[in-house]
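Working notes for the structure below.
Please treat every number below as a calculation from the coordinates, not as lab data. Note that the structure is predicted; figures quoted are calculated from it, not measured. Cβ placement follows ideal geometry from the backbone for every residue including glycine, while neighbour counts extend to all protein chains displayed.
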Amino acid sequence: MGSIFNAQQVVNGLQVGSIYALIALGYTMVYGIVRLINFAHGDFYMLGAYAAYAAFFVFNSLFVGKTGLVAFFVLIASMAAGGIIAMLANRLAYRPLRYKPKLSSLITAIGVSMFLEYFFSALPIVGPSYRSFPDIIPRVNINLGSATISNYVVIDILVAAVLMIGLTLLVKKSTLGKAMRAVSQDKDAARLMGIDIEKVISFTFLIGGAFAGAAGLLAGMTYPRIVPYMGIQPGLKAFIAAVLGGIGNIPGAVLGAYIMGLAETFASAYNSLIGEGIAFAILILVLLIRPTGLLGEKIADKI
Amino acid sequence: MAKIKLPKFPKFLMAAVVFYLVIQGLYTTGIMNGYLLHIINQSLIYVILAVSLNLINGITGQFSLGHMAFAGVGAYVSGTITTLIFKINPSTPGGIWIFIGAILVGGLVAGVVGFLIGFPSLRLKGDYLAIVTMGFGEIIRTIFNNIDYVGGPRGLLGIPMYSNFTVIFIATVLTVIIIRNLVQSSHGRAMLSIRENELAAELVGINTTKYKVLAFVIGAFFAGIAGGLFAHLLQLAHPTQFGFLKSTEVLIMIYVGGVGSLTGSIIAAFGLTFLSEGLRIGIRALADATNLPIGGEWRMVVYALLLIFIMLFRTEGIMGTKESKLLKLEEVD
């Protein structure tokens, strides 16, 4: 057995990390703005994968042979599904509880998550069993000497990078991004400055859900199978990545996600039990040693 | 001269004895079938789980999401003792004592695990604590999944059927009495004060860490007892029984019943166990009658919606923080 630290593992780790990063961004943005751990976030990823699955069959019959165009519409469909459902969940389940004790929204989030998972597995057209995901783009293996990489892995890393650059620009440069930053710093002051807080929150859910949806499409393509419960594990791992980076901190979520992806890939190559448990071990270590995460700021208790 | 009245509490014991005699009577005379008794047994075990989780989440205000992991520890430890070490079965003479010992050891080990997890994690608050307890719960489940001696992913099979109505009933009544007395004691008051305002509790000299860990350990102990009883009722212990989703089911019970109300937990544990079975039967009957593909998943859809609606429209649950008269102390004048 060769070393577990080879080029192949690094690329795989980056690919897993890219998917975690897209999910973790939504967790961290929502937490940054409403201080809610949105347990249902992993299910937006699942919805994205199913929407992509459905959209592929529609668009593939509309535009026969135009692979690029189909892939583009499939991406849009997955992001729209994740984003819109996230916004609806916020409007129907989280918004009425905004000013109630924080734990009641957390429990509601668990309820929303259970609802989405079981509702989709109970729906006869979706069903509780695995479906194989079609190849949206022909699968090609690229040989790099020491490593063989599928073009899907490259696509995963690139799509995630483009989306993340777009998000950075949105948050840093646009007025809406400024409003988002303002609300996450101080809700009341932001309201006094004339920012429509609920609109900003709603938009944050939309972007977060859309990113999770895109991650669902990428994961569906790469591992080619989908199931209504597919969001639980990646959702948890991405959440841990967000905590590792410092929850509420956008660059932190990306950093945490790549660290998690690499750590998990190396650990699984070493031993499957350690691979299964390493994420939770990281979580517990972070929370016990540095609960604010790698890049998070320390928040003092207000008296 | 002020008359000292006896505490009203024995009323709870009397009610419990009446409940026991009625159920046992109905079963022995054949009016109630074994299936119904099985559901009642399950409800009673859920009462132990809900009341012990309520001590942590409701009374002390520390949000734990990994309660079933402690039940898992109890189930696996007691199951290992009875099935793999002593290899007893209900016809073994004196086996019942080994069984009772095994259940207690399971509870104690769960309590120790609760201490090991609680001591470091209870420094965290609110949702961070929720996540870390969930993480520990998943780690415990992963460990069960990977120990071949106790069956790994197949689960521990062939556990002797020792949990009968009498055993479960006595365990449940003892749990409720002990936790109820604890809540009414000065220790319980200290726990309540942590829930109400941790900083203020600390300022009046309450060792908050001690009481949080105490609540966690006691909760874990009773969860371990419940897990052991479950394993000896269903005759198996399986890693999926003790995952995050199952912890959520117990969580739903205490929130539906009312956080901080033991009465509410008891009502909700019975109500939801019966609702769950009712939905299982109802959905199957509906699917058979209409020939439509209506799957058992709808049961969990109803559960999820119930949780969301309770949170949205009755955040405090059925009972709020109120207790039934049976569980209250009588004021002595």
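Given the conditions (1) outside any helix (DSSP H, G or I); (2) farther than 22 Å from A:ARG181 by Cα, and given that A:LEU36 satisfies all but one, which numbered condition is not satisfied? Of everything listed in (1) outside any helix (DSSP H, G or I); (2) farther than 22 Å from A:ARG181 by Cα, A:LEU36 misses just condition (2).
When B:LEU292 is tested against (1) surrounded by fewer than 18 Cβ atoms within 10 Å (Cβ to Cβ); (2) within 12 Å of chain A (Cβ to nearest Cβ); (3) not charged (D, E, K, R); (4) not in a loop (DSSP other than H, G, I, E, B), only condition (4) is not met.
Please tell me if B:ILE147 is away from chain A (no Cβ under 14 Å), of a type in the set (Val, Ile, Thr) and surrounded by fewer than 17 Cβ atoms within 10 Å (Cβ to Cβ). For B:ILE147, the condition - away from chain A (no Cβ under 14 Å), of a type in the set (Val, Ile, Thr) and surrounded by fewer than 17 Cβ atoms within 10 Å (Cβ to Cβ) - is not met. Taking the criterion of being within 30 Å of A:GLY127 (Cβ to Cβ) and touching a Leu at 6+ places or on another chain (Cβ under 7 Å), the only residue of the stretch A:226-260 that qualifies is A:ILE240. Identification of helices (runs of 4 or more DSSP H) wholly contained in the stretch B:161-277 with 3 or more residues that are without any contact (Cβ under 8 Å) to a residue 40 or more places away in the chain and surrounded by fewer than 24 Cβ atoms within 10 Å (Cβ to Cβ) yields B:165-184, B:186-196, B:198-203, B:208-234.
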